[in-house]
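Structure first, commentary second.
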Amino acid sequence: MEHKRSQWASNIGFILAAAGSAVGLGNIWKFPGKVAAGGGGAFLICYALIVLFVGFPVMLAELSIGRSTQKNVVGAFRRLNPRWSFAGGIGVLTLFVIMSYYSVVGGWVMKYIAVYLTGADFSAFGNDSSRFSAYFADFISRPAEPLLWGAVFLLLCIYVVVRGVSEGIERVSKFLMPGLFVLLTGIVVYAVTLDGAAEGLKYMLAVDPAKFNGGTVVAALGQAFFSLSVGMGIMVTYGSYVPRTENLAKSAGCICILDSLVALLSGLAIVPVVYITAGPEAMGMGGGFAFMALPEVFSRLPGGVFFGFAFFLLLFVAALTSAISILESCIAWLTEEFGFARLKATLLLVIPMSFLSAGYSLSQGAMDIKLPWFDFTNGVQYLPMNAVMEKFTDNLMIPLGALCFCLFVGWVWGTDNASKEIEASGHSMAWKRLWAFLVKFLAPAVIIVILYFTVGRGQGLS
């Protein structure tokens, strides 16, 4: 007897869960810096256009594969064309590595929540601005504490995923995602009402025609592409839980809008504050910006401890919802392909994942762990394990996976079959020819550009 497949209990639950997957750490700590570096309004316009004409079509392609097959990412490709099962394998491997280091970073966020709850006293590391960097460097270089915080974060993810799709993931997403928007909106209101915030908003939103250049387009391309959780198979797995009565195109549009809205609100929350306290030259992106530069900024604000707590709580929600989707996609592969129960599958996955997590964490400073990395510009380099893991997923596997999805839907399974699945709910897609063109031609071209800059030139876009 075939096992009855889980489904989302409601469409809003699916949209919130999928949006939670897309809304990750990159939306909050990378987007503000990229807006500032990419020309403000010019970057925002490029970003919106790329989400519309590249991100949305690829997401819809992934969702159509999932709902058509009702399978995990490996099983979906095998059902439609067994020769393309490798594409699903790319997705699972990518997610496994991402989850290994995402849980570590999630632990960092939890540590900082605890720091701000207890008063955020960094004085033991000096009285100047360097104390925040020194505190973070000291913390991540410890062998045990970061691993313990990462284990707590991973256990939270496991608890949600083991409870199942509707009772675990959907129920938590219905609570966390509205909470994220309320929290983020509150931070925005606080930020934009500070003295001098108007100049920061002008800096972020003003459109300078001279900023419409190749660098801005490439930066917007990378941010939009990586922030939507496409190219990893997550949307195939989540799409496989969607009933055929739901409007798939409308759902994909809502996910893209919610993800972009969080990114925009994050910019409105961070850019004015940094502009007021430290100037635009202090604007950065990535973990160093979040854990070193922003705590310094918060220390200069009235009520900075509360603001810092709210910010890291926001980061925690974004990290948790994304990590849940990553873990669920891996668990779905194990339960469906090998017949394991959810709890057993989770344990089988987490044990090897923990070793990889330990390597990522220890290579931050506790141990000198280096691995080879190759790109066509720099050749073979031996880099810290944490840097190689991030480059492996962000620079290579995610764009490669997305390229496989586009080529498969556009040229193997066919956009006609995909369109029939999208329209299975009874909602016609009048623009399906445009969508087919985007999936077959524009999106693959964009992904090749991403691969050129990240692998060919040894740069990073995410």
Expressed as a whole percentage, what fraction of the accessible surface of the chain belongs to carbon and sulfur atoms when a 1.4 Å probe is rolled over the protein heavy atoms? 66 percent
By average C-beta atoms within 10 angstrom, highest first, the peptides 226-232, 34-40: 226-232, 34-40
In Å, descending, principal axis extents of the Cα set of segment 9-92: 45, 32, 21
Apply 1/(1 + (r/R0)^6) to the Cβ-Cβ distance of residue 142 and residue 182, taking R0 = 30 Å, and write down the FRET efficiency to the nearest 0.05. 0.30
Got a sec? Charge dipole of the chain, +1 on Cβ for Lys and Arg, -1 for Asp and Glu; which of 70, 156, 295 is way out at the positive end? 70
Can you tell me the alpha carbon radius of gyration of segment 145-202 divided by the globular rule-of-thumb value 2.2 N^0.38 Å? 1.70
Nothing charged except the Cβ atoms of Lys and Arg (+1) and of Asp and Glu (-1): what's the magnitude of the dipole of segment 9-455 about its Cα centre? Round to the nearest 20 debye. 980 debye
Whole-Å distance, taken between Cα centres, linking segment 10-57 and segment 367-410: 22 Å
Highest mean packing first, using Cβ neighbours within 10 angstrom, the peptides 316-324, 417-425 sort as 316-324, 417-425
Solvent-accessible ranking of 377, 277, 393, largest area first, probe 1.4 Å: 377, 277, 393
Ratio of segment 1-152's C-alpha Rg to 2.2 N^0.38 Å, to two decimals? 1.42
Pairs from 34/440; 30/370; 391/432; 111/174; 34/202 whose Cα-Cα separation, in the structure shown, is over 23 Å: 34/440; 30/370; 391/432; 111/174
How much area per residue is accessible in segment 9-455 when the probe is 1.4 Å and only protein heavy atoms are counted (Å²)? 37 Å²
Give the distance, in whole Å, between the Cα centre of segment 432-447 and the Cα centre of segment 156-178. 34 Å
Order these peptides, 354-360, 293-299, by their mean beta-carbon neighbour count within 10 angstrom, highest first. 293-299, 354-360
Accessible area, probe 1.4 Å, largest first, for residues 390, 62, 199: 199, 390, 62
What is the Cα convex hull volume of the chain when expressed per residue in Å³? 140 Å³
The chain, relative contact order [Cα under 8 Å, separation at least 6], %: 33 percent
At 222 nm, what helix-only mean residue ellipticity would the chain give, in deg cm²/dmol to the nearest 500, using -39500 (n - 2.57) for each DSSP H run of four or more? -20500 deg cm²/dmol
Taking the Cα centre of each part, how many Å lie between segment 318-339 and segment 227-261? 15 Å
Compare the Cα positions of 389, 225, 37 along the charge dipole of the chain (+1 at Cβ of Lys, Arg; -1 at Cβ of Asp, Glu; about the Cα centre) and return the one farthest towards the positive end. 225
Among 410, 132, 276 - extreme Cα towards positive end, dipole of the chain, charges at beta-carbon: 410
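The values are calculated or read from the model by the stated rules, or taken from the named source; none is laboratory data. Just so you know, these numbers come straight off a predicted model, no measurement behind them. Virtual Cβ from ideal backbone geometry, glycine too; neighbours counted across all protein chains shown. Keep in mind that these areas ignore ligands, DNA and RNA; they rest on the heavy atoms of the full protein, side chains included. Shrake-Rupley method; radii C 1.70, N 1.55, O 1.52, S 1.80 Å.
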